[in-house]
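Heads up: the structure comes next, in structure tokens.
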Amino acid sequence: MDMTRRQLASAGIAVAAACTARRQESAPKGEGRTEQDASPRHVIDLHCDTPMLLRGGDYDLGARNSRGEVDIPRMREGGVTGAFFSVYTSATRNTELEALRDALEIIDTVGREVDRFPDEVALARSTRDIEDALDKGLIAILLGVEGGHMIAGSLAVLRSLYRLGARYLTLTHSRDTAWAGSSGSEGNRGLSDFGGSVIAEMNRLGMMVDISHVSDQTFWDTLAASTAPVIASHSSARAIATHKRNLSDEMIRALAESGGVVHINYYNTFLDGDYARRSQAWNAANPARPGFTGPARTRAKLAAIGRPPLDKLLDHFDHAVQVGGVEAVGLGSDFDGVDGELPEGMQDISMVPNIADGLARRSYTEADIDKILGENTLRVMADIESHASPA
Ligand SMILES: [Zn+2]
């Protein structure tokens, strides 16, 4: 989630004819997936804010919705085999205990929605569960908690969220916690001693430490503190678009050296500095008002200022690969969390094959595309699981 205003839905533009994830055509350099390659490809998105829609009570995960960006039919069309659903609660409007209650309600909502479609999706808690889901033709749904405020300053709550299925914790959202600094705050605060205890406990649990949203100082403190690889669940490249939510080359390199993975965010404002400026100017000139808010306002804005091209998104993937290596990059869309402000050709999750096609056009081998689409995520998750130890 990366909007300052959370509008619940965007104009979900249904685009048919996305190709299937299992690619038949040969790839550059003769390393393409072949007919003999019987194993389906893992395609795993680390950050979807779809629970916000589900929580509204009128969004059906099993239907192809005319709004929102993620549902089972569109995940199928996009060849998506796994998605982390974000447990997001406001860090600014709630107390930590209110946020924790919201988190539990969101986890309940996701669990009940997954239970409605046992032939389509399965709640996954491990890499083994993800593999099992793929074998059974099910889409793995996982949970990531987007903001350390939801542990309410308690390692017991952290452990309980893990027991309920949370497999990453984003250390902050847009505001500092008592123990970690956020990129949304000015102070560039680092990790406190208790923050170090949070990292140590996550390492012990085998839970992924997510540095998306944190301050630069907290990024570096976290990398120093963690004994397991660290991930960014939804962050792009600062060298392509200057934004505090994006990662510098030094950060991408350090994350990669930890064995971690940067999952690229698709939000227009993080992808394209020119878009960010146009968006800011349009927002100032066209404030929200009754009858002109949410998806209608977003549609008007996109009609006025346009979407960045898909190539801008591909530039971020490409840059992160150049800096961190092809083992260090994955998918972190932020679908359903950015009010529909997504690039051309990536308006919803059915369009994920456009990333594979775009990277192939840039001479990526099919083996490398497989890494970016999901294998890197599985690898880092397995590595982090292997750090788990009894209390
Ligand atoms: Zn976010």
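The values are calculated or read from the model by the stated rules, or taken from the named source; none is laboratory data. A quick note: this is a predicted structure, and the numbers were derived from the prediction, not measured. Neighbour counts are summed over all protein chains in view; Cβ atoms, including those assigned to glycine, are modelled from backbone coordinates with ideal geometry.
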Practice task
Inspect region 186-207 for any residue being within 16 Å of the ligand (Cβ to nearest atom), modelled with pLDDT of 95 or more and outside any helix (DSSP H, G or I) and give the result as yes or no.
Solution key: no
Handout entry: Leu54, sole failed condition from (1) of a type outside the set (Gly, Ala, Ser); (2) more than 16 Å from the ligand (Cβ to nearest atom); (3) touching a Leu at 6+ places or on another chain (Cβ under 9 Å); (4) more than 17 Å from Ala122 (Cα to Cα)
Key = (4)
Fill in the blank from the handout: Every listed condition ((1) within 16 Å of the ligand (Cβ to nearest atom); (2) in a helix (DSSP H, G or I); (3) aromatic (Phe, Trp, Tyr); (4) under 19 Å from Arg362 (Cα atoms)) holds for Phe317 save (1)
Fill in the blank from the handout: Over region 208-220, the set of residues within 16 Å of the ligand (Cβ to nearest atom) and in a helix (DSSP H, G or I) is Thr218, Phe219
Exercise for the section: Keeping to region 333-365, report how many residues are charged (D, E, K, R) and surrounded by fewer than 23 Cβ atoms within 10 Å (Cβ to Cβ). Expected result: 4
Exercise for the section: Restrict the check to region 324-341 and report whether at least one residue is in a loop (DSSP other than H, G, I, E, B) and more than 16 Å from the ligand (Cβ to nearest atom). Expected result: yes
Exercise for the section: For region 221-235, name all the residues that are within 15 Å of the chain's Cα centre (by Cα) and not in a loop (DSSP other than H, G, I, E, B). Expected result: Ile231, Ala232
Practice task
Could you list all residues from region 196-214 that are buried (at least 19 other Cβ atoms within 10 Å of the Cβ) and without any contact (Cβ under 8 Å) to a residue 40 or more places away in the chain?
Solution key: Ile199
Fill in the blank from the handout: Those residues of region 81-93 that are away from the ligand (no atom under 15 Å from the Cβ) and surrounded by fewer than 16 Cβ atoms within 10 Å (Cβ to Cβ) come to a total of 1
